[in-house]
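The values are calculated or read from the model by the stated rules, or taken from the named source; none is laboratory data. In this text the structure is predicted, and so the values were computed from the model without any measurement. Cβ: placed from backbone, ideal geometry, glycine included. Neighbour counts: every protein chain shown. Side chains included, ligands, DNA and RNA excluded: accessible areas come from the protein's heavy atoms. Shrake-Rupley method; radii C 1.70, N 1.55, O 1.52, S 1.80 Å.
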Amino acid sequence: MSIPYWRLSGFYFFYFATVGVFIPYWGLYLKESGFNPVEIGELSAMLSGTRIIAPILWGWIADRTGKNLRIIRIAAFLTALLFAGFLYVHGYFWVAWITIGFSFFWNAALPQFEAVTLYHLKNEAHRYSQIRLWGSIGFIVAVLGVGRLLDYQSAQIIPTAITLLMTLIWVVSLMTPTIQASHHVAAVGMMQIMKRPELWAFLVVYMLLQLAHAPYYVFYSIYLKHYQYTASLTGFLWALAVFAEIVLFIYMRRVLKRFSLRTILLSSILLSVVRWLMIAWCVDYFWLLLFAQVLHAATFAGAHVAAIHLVHLYFGDRHQGKGQALYTSLTFGLGGMLGSYYSGYYWESLGAEFVYSMAAVFCSIAFVIAYIWVGRESSQNSAVLS
């Protein structure tokens with residue numbers, strides 16, 4: 001069966017186009033709707049909090065039934081339906097409940113689609129980055145387009161734009177062909193995998209990386225607006241970061257051939273430390289902010305590709321759905337929730353410089369853990385991916 005390249009790519013395009021509206025501008029929408037930084041942090045933490053439970057639950061169901069794509073289609077439909085509630089409600093109580101409701105299904109879709117993509121690729125896992133880069137393109141199109149609109153309109157258009165994009169995700173999921181992993185008995189059981197110290201070190205490292213990213217996702221646009229950056233310029237900076245990750249995705253196959261997953265991960269973490277310190281202390285120097293955004297190629301794209309391949313190596317085909325779900329739950333979920341809470345509570349009392357400097361500290365801790373435990377065994381197997 002040939003790889004359905006454009007249908008897989010289309011899902012990533014619309015999924016991350018949605019992210020390209022949500023992450024840069026949802027905080028601005030909430031602020032314009034009258035929420036304070038603590039409330040914005042709490043709502044963002046709720047969004048991340050459902051990622052702790054939802055991916056594990058849906059991943060377990062997917063691996064038990066082999067119905068990954070059916071789960072994705074149901075989750076995408078209910079996500080769009082529930083998110084449409086933001087078009088009608090505005091108070092904190094209702095916004096909180098709709099956030100919990102839609103994100104429970106939203107956070108189910110991507111980990112399972114990552115598994116579906118790897119099932120389609122089979123022995124061509126190196127082609128993952130060629131498909132995933134369309135997600136980055138979707139992000140750029142959305143962030144620039146909406147940023148331009150926000151120069152002339154209020155942020156109240158954001159819920160409408162996101163609802164439309166979520167509906168398109170569901171439509172593309174209906175067009176994607178079904179595929180199942182082979183259901184032979186796994187050579188290694190899930191409990192044996194979970195006993196590996198390297199796996200837990202890997203999860204802690206990525207939890208810390210996402211904890212560090214949270215204030216960037218939640219408050220970066222608010223941070224720039226405080227320093228008089230326009231919505232268009234803010235959108236350009238977001239887009240530049242994702243353009244940098246596209247370039248890395250294009251050349252990732254060559255990078256994987258030349259460097260081990262361990263080297264890619266350690267380099268990405270070191271550059272993360274540099275990036276957060278530059279954002280913390282160089283916001284008045286536009287050219288340094290440009291450089292900090294270019295580093296997104298390493299801090300997100302490099303780290304993400306290394307993670308997807310490491311999860312693939314750790315869990316194998318039989319446990320891939322559960323593996324992707326566990327990775328998402330403990331890193332994006334727990335890490336994102338803790339990062340959103342701490343950044344929301346300290347944003348005004350201790351300032352943005354403190355919050356982003358702490359992000360650099362978290363990445364430094366992650367580097368030490370990764371250097372000691374992560375990738376020493378997997379580096380010798382990474383040649384399989386190239």
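Filtering region 86-104 to residues that are exposed (fewer than 13 other Cβ atoms within 10 Å of the Cβ) and in a helix (DSSP H, G or I) leaves Leu87, Phe93. Look at Thr117 and say whether it is among the β-branched types (Val, Ile, Thr), open to solvent by less than 60 Å² (accessible area, probe 1.4 Å) and modelled with pLDDT of 95 or more. It is false that Thr117 is among the β-branched types (Val, Ile, Thr), open to solvent by less than 60 Å² (accessible area, probe 1.4 Å) and modelled with pLDDT of 95 or more.
Report yes if Glu32 is of a type in the set (D, E, K, R), touching a Leu at 6+ places or on another chain (Cβ under 8 Å) and touching a residue at least 12 places away in the same chain (Cβ under 8 Å), otherwise no.
Numbers: of a type in the set (D, E, K, R): yes; touching a Leu at 6+ places or on another chain (Cβ under 8 Å): no; touching a residue at least 12 places away in the same chain (Cβ under 8 Å): yes.
So Glu32 fails the test.
Out of the residues in region 120-141 meeting the condition of being β-branched (Val, Ile, Thr) and open to solvent by 10 Å² or more (accessible area, probe 1.4 Å), tell me which one is nearest to Val311 (Cα to Cα).
Ile137
Would you check which residues across region 48-62 are charged (D, E, K, R) and either modelled with pLDDT of 90 or more or open to solvent by less than 10 Å² (accessible area, probe 1.4 Å) (or both) and list them? Outline the logic, then answer.
Initially, region 48-62 is screened for residues charged (D, E, K, R), giving 51.
Across region 48-62, there are no qualifying residues.
The C-beta contact set for region 51-64 (first residue within 20 Å of Leu118 (Cβ to Cβ), second residue open to solvent by 40 Å² or more (accessible area, probe 1.4 Å) and not in a helix (DSSP H, G or I), distance under 8 angstrom, 6+ apart or interchain) comprises Ile61/Lys67; Asp63/Arg318. For region 33-47, the tally of residues that are open to solvent by 30 Å² or more (accessible area, probe 1.4 Å) and part of a helix (DSSP H, G or I) stands at 5. Restricting attention to region 269-294, the residues that are buried (at least 22 other Cβ atoms within 10 Å of the Cβ) and among the aliphatic types (A, V, I, L, M) total 3. Considering only residues that are touching a Gly at 6+ places or on another chain (Cβ under 7 Å) and not aromatic (Phe, Trp, Tyr), look in region 334-355 and name the one that is surrounded by the most Cβ atoms within 10 Å (Cβ to Cβ). Checked region 334-355; the qualifying residue surrounded by the most Cβ atoms within 10 Å (Cβ to Cβ) is Ser343.
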